[in-house]
Amino acid sequence: MNKTLITFLFACLFFGFYACKTAPKNIPHYTISKEFKSDTLTTLDVHIANRMNTAQLMLIAGKLKTDSAQIKNLAVHFLLPGNTDLSAGSNSYYASIKYLADTQVKSTDSLKDDNGNALRLQLFGLDSAKAQVLLSREPVVITGKNVLGRFVDDYSKTVIIPFKDPTDTRGQLFVIELNDKGDIVSSTVPEKKIEDGIEKWMVDKNGDYITIKDSVLAQFPSDGLGLPFNSIKTGI
């Protein structure tokens, strides 16, 4: 074979291999808002712009792991727009990823990032397709009403729709909750209270309440010390 041709083919193979090895990953945009440290774990709160699949979440986690190589025990909490860093809920975020030490890896742990680091992923929220089904529901009861938003509750797998009736001189708030079939699973007319300049809507006799501000619906337990157990942005 001609030496020039051999050299050309070798160069093509070399640069092709190099390009494959160094091809940049399309890592979704994210921002880090909080870092929590304990004796055994460092947790990062990471805000993402929309609902993501497992592969996208793992790309972000892999980047964080590489950039934080000094952190041995790393966990990542992914928050959607509207989710809050501090809450009274145990799972008030979209998903979590925890990196595993060699001694923690079980036979069921098959996920690894691009660098071969074993991790465990929990997806608490709905995927984009299921969320869109909920957001598309148009119950007859809201026809002609002033809808204040459509809030997907990832933990109850429902959509919360608060609205007001323009013909109601009392200015009452009506709140319905629908499942993915479009059935109304709850209907509430909460009582309005103003406390410390905050407009609260009491949803039950125990003192649980919601607030709606800046397109975000927050759900508060009566004993949550002012922290929401869930916080949701409309349309996400």
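A quick yes/no check of all residues on (1) of a type outside the set (D, E, K, R); (2) open to solvent by less than 40 Å² (accessible area, probe 1.4 Å):
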| position | (1), (2) |
| --- | --- |
| Leu111 | yes, no |
| Leu119 | yes, yes |
| Leu123 | yes, no |
| Lys130 | no, no |
| Pro139 | yes, yes |
| Thr143 | yes, no |
| Val147 | yes, no |
| Arg150 | no, no |
| Thr158 | yes, yes |
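Would you mind stating whether Ser96 is within 24 Å of Lys157 (Cβ to Cβ), out of contact with any Cys (no Cβ under 6 Å at 6 or more places or on another chain) and free of Cβ contacts under 8 Å to residues at least 12 places away in the same chain? Considered against the rule, which asks whether it is within 24 Å of Lys157 (Cβ to Cβ), out of contact with any Cys (no Cβ under 6 Å at 6 or more places or on another chain) and free of Cβ contacts under 8 Å to residues at least 12 places away in the same chain, Ser96 comes out as no. Count of the stretch 34-45 residues, restricted to those that are assigned to a strand (DSSP E or B), open to solvent by 50 Å² or more (accessible area, probe 1.4 Å) and not acidic (Asp, Glu), is 3.
Candidates in the stretch 208-236 are the residues that are over 15 Å from Ser156 (Cβ atoms) and among the polar types (S, T, N, Q); of these, the one that is surrounded by the fewest Cβ atoms within 10 Å (Cβ to Cβ) is Ser222. Scanning the stretch 180-197 for residues that are in a loop (DSSP other than H, G, I, E, B), out of contact with any Phe, Trp or Tyr (no Cβ under 7 Å at 6 or more places or on another chain) and under 15 Å from Val141 (Cα atoms) turns up Gly182, Asp183.
Of all the listed residues (Lys205, Lys200), the sole one being assigned to a strand (DSSP E or B) and open to solvent by 20 Å² or more (accessible area, probe 1.4 Å) is Lys200. Filtering the stretch 73-90 to residues that are under 17 Å from Tyr155 (Cβ atoms) and not aromatic (Phe, Trp, Tyr) leaves His77, Leu79, Leu80, Pro81, Gly82, Asn83, Thr84, Ser87, Ala88, Gly89, Ser90. Checked against (1) assigned to a strand (DSSP E or B); (2) out of contact with any strand residue (DSSP E or B) (no Cβ under 6 Å at 6 or more places or on another chain), Leu217 passes all but a single condition, namely (2). Only residues that are open to solvent by less than 70 Å² (accessible area, probe 1.4 Å) and closer than 30 Å to Ala95 by Cα were counted in the stretch 160-197, giving 12.
Would you be able to say whether some residue in the stretch 153-169 is under 26 Å from the mean Cα position of the chain (by Cα), part of a helix (DSSP H, G or I) and at pLDDT 95 or above? No. Checking Ile97, Ile48, Ile71 one by one, the residue that is surrounded by fewer than 20 Cβ atoms within 10 Å (Cβ to Cβ), among the aliphatic types (A, V, I, L, M) and touching a helix residue (DSSP H, G or I) at 6+ places or on another chain (Cβ under 9 Å) is Ile71 and no other. Among residues of the stretch 176-188 that are under 17 Å from Asp208 (Cβ atoms), those with a Cβ under 9 angstrom from a residue that is surrounded by fewer than 17 Cβ atoms within 10 Å (Cβ to Cβ) and among the charged types (D, E, K, R), sequence gap 6+ or separate chain, pair up as Thr188/Asp204.
With respect to being in a helix (DSSP H, G or I), open to solvent by less than 60 Å² (accessible area, probe 1.4 Å) and modelled with pLDDT of 95 or more, Leu57 fits the description.
The values are calculated or read from the model by the stated rules, or taken from the named source; none is laboratory data. Keep in mind the model is a prediction, meaning the values are calculated, not measured. Please note: Cβ atoms are built from the backbone with ideal geometry, for glycine as well, and neighbour counts cover all protein chains shown. Accessible surface is based on the protein model in full, side chains and every heavy atom, while ligands, DNA and RNA are left aside. Shrake-Rupley method; radii C 1.70, N 1.55, O 1.52, S 1.80 Å.
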